[in-house]
Amino acid sequence: MSLFEPSTLEVSGISAESSVGEAISTRSNIFEMTQLAESAVLRPLEYGMFPHDVRAALAYRIAARAGESRLAEYYAASVGDKFNLAESTMIEGEPESTLIPFVDKAANATRDIVAEDISKLKAVGVSDADIVRLCELIAFVAYQVRVALGLRLMNGGA
Amino acid sequence: MSKVLHKFTRKVPKWRPRVQPVKLDDATLDQLDALQVTPSNTKVSEYVLTLAHDVESLKVRSPLFNAIMYDKGGMSRTERELGAIAASMVNRCVYCAAVHADRHAKLSNSTEVTDKLLARGFHAELSPRDAAIFNFARKLSESPPQANADDVEALQKVGLKDDEILDLILSTSLFGWANRLMHVLGDPMQQDEEA
C-alpha cells in the first residue's frame, strides 16, 4: 500500500507531489494507523449488533451530513441494501426509533448529549458493548471527516 | 444530588462511565492484550476498561493518539494541546478540556492562555498566533465543520508552516474523536467528592 492509498487521503484529493503531500509524508505512520482504525471500526471481526453494511451506512450518513461528499461516496460503495439508512429515521428491526437519532446527536450535536441518551439505548436493549462500538464508529468518522476537510483546505480546496 | 461538573476547569475531574466497564477479572485474552497498549498497565482506568468493550478499536486508537499528540517535529506539543482544548470546548467535553488545559499550562509553564479560555471561552483575547490556531480548531470542530480557506490563510499569516498546520488538523480532529467517547460515554465528576 502506498502512502496515498489510505481512504482519508484519497478523499482529500492530495497528491504525493504537492507541498501538502510532502508534509503528509512526514506523518505517514499516522495515516497508516488511521487506515487501521478505519478497518477496526468499519469492518471489525466482532461487529456485535452492527454488521459491516450497517456501519458503512451510518458512516455514509455521518459524512454526508457533515458535507463530506467524497467520504460519503466512499462509504456508499459498502452499504448494499442499507443505503436508505442515510435518510431513514430507524434501523430495520429496531424495537424503537432510537439508534439513528442517537447517531445524529452524538455525531452532530455532541455537546448536547446527556446521560439519558445512553439510558434510552439501554432501555431498547442495546448492550453496553454495542453502545461502545456505536460510539467508536461515530467518533472515528467524525475524526475522518475533519481530517479530510482540513487536508482539502490545506491543498487550496473549499 | 448531582456531582457532575458542567463548567470548564483546569482541575482534572474523575470520569464516571454511563455503561458498565469491562471487569479486569472477566476480561478475555484479547481484551487483556489491548489493555497492555495503554500508557499504564498497573492501574487501568475506568475509561480504558469501558473502551475495552471494543477491543479492535482500542488496540489501534492508543498508538494513533500518542503519535498525533507526541511525535517529534511539526507543531509544538503546547500548540497541539490548544487544538485539543478548542475541540473539547466546542463539544463541551469538560473532562478532556480539563486534562488538556492542565497539560497546556504545564508544557508552557504558564496558566495565562488557559486562564483566559476558562474565563472568557470563545471570546478570550489570545496572541495573534494562538488566536489563529484556536479559531481554526474551533471552526473545524463545529458540526458540520465551519473551517474555510480564509482560516488556513490566517494560520499561514501568523507563520505556521504546512507541517504545523497538518499537526493542528490531526490533533483537533483526534479530539473530535476523543470527545465523542469521553463526553458521550461518561460524566466528569468532582474529584474531592470521591476521595
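The values are calculated or read from the model by the stated rules, or taken from the named source; none is laboratory data. Since this is a predicted model, take the numbers as computed values, not measurements. Note: ideal-geometry Cβ built from the backbone for every residue, glycine included; neighbour counts use all protein chains shown.
Things to note:
Results for (1) modelled with pLDDT of 95 or more; (2) part of a helix (DSSP H, G or I); (3) within 10 Å of chain B (Cβ to nearest Cβ); (4) out of contact with any helix residue (DSSP H, G or I) (no Cβ under 9 Å at 6 or more places or on another chain), shown as yes or no for each residue.
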{"site": "A:K105", "(1), (2), (3), (4)": "yes, yes, yes, no"}
{"site": "A:G125", "(1), (2), (3), (4)": "no, no, no, yes"}
{"site": "A:A129", "(1), (2), (3), (4)": "yes, yes, yes, yes"}
{"site": "A:L137", "(1), (2), (3), (4)": "yes, yes, yes, no"}
{"site": "A:F140", "(1), (2), (3), (4)": "yes, yes, yes, no"}
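- The range B:42-75 - residue that is within 23 Å of B:Q156 (Cβ to Cβ) and without any contact (Cβ under 8 Å) to a residue 40 or more places away in the chain and, of those, surrounded by the fewest Cβ atoms within 10 Å (Cβ to Cβ): B:K72
- When residues of the range A:114-154 are limited to those that are among the charged types (D, E, K, R) and over 28 Å from A:V20 (Cβ atoms), the one surrounded by the fewest Cβ atoms within 10 Å (Cβ to Cβ): A:E116
- For the range B:163-181, taking the residues that are within 8 Å of chain A (Cβ to nearest Cβ) and not hydrophobic (A, V, I, L, M, F, W, C), the one that is surrounded by the fewest Cβ atoms within 10 Å (Cβ to Cβ) is identified as B:D163.
- Residue ID - farthest from A:R146 (Cα to Cα), chosen from residues in the range B:46-96 that are charged (D, E, K, R) and touching a Phe, Trp or Tyr at 6+ places or on another chain (Cβ under 9 Å): B:E46
- Condition met for B:L160 (part of a loop (DSSP other than H, G, I, E, B), modelled with pLDDT of 95 or more and crowded, with 17+ Cβ neighbours inside 10 Å): yes
- Test for A:L36: is it more than 7 Å from chain B (Cβ to nearest Cβ) and in contact with a helix residue (DSSP H, G or I) (Cβ under 6 Å, 6 or more places away or on another chain): no
- Test: residue in the range B:28-36 that is in contact with a His (Cβ under 7 Å, 6 or more places away or on another chain), in a loop (DSSP other than H, G, I, E, B) and touching a residue at least 12 places away in the same chain (Cβ under 8 Å): no
- Against the test of being among the aliphatic types (A, V, I, L, M), within 7 Å of chain A (Cβ to nearest Cβ) and over 16 Å from the mean Cα position of the chain (by Cα), the options B:V184, B:V152 yield a single qualifying residue, B:V152.
- Residue ranges of helices (runs of 4 or more DSSP H) in the range B:41-128 with at least 2 members in contact with a Pro (Cβ under 6 Å, 6 or more places away or on another chain): B:46-51, B:94-108
- Candidate set from the range A:52-95 (those that are at pLDDT 90 or above and farther than 19 Å from A:A40 by Cα); member that is farthest from the other protein chains (Cβ to nearest Cβ): A:E73
- Residue ID - surrounded by the fewest Cβ atoms within 10 Å (Cβ to Cβ), chosen from residues in the range A:96-113 that are β-branched (V, I, T) and closer than 21 Å to B:N91 by Cα: A:I100
- Check on A:A158, at the interface with chain B (Cβ under 7 Å from one of its Cβ atoms), over 21 Å from A:F50 (Cα atoms) and at pLDDT below 95: yes
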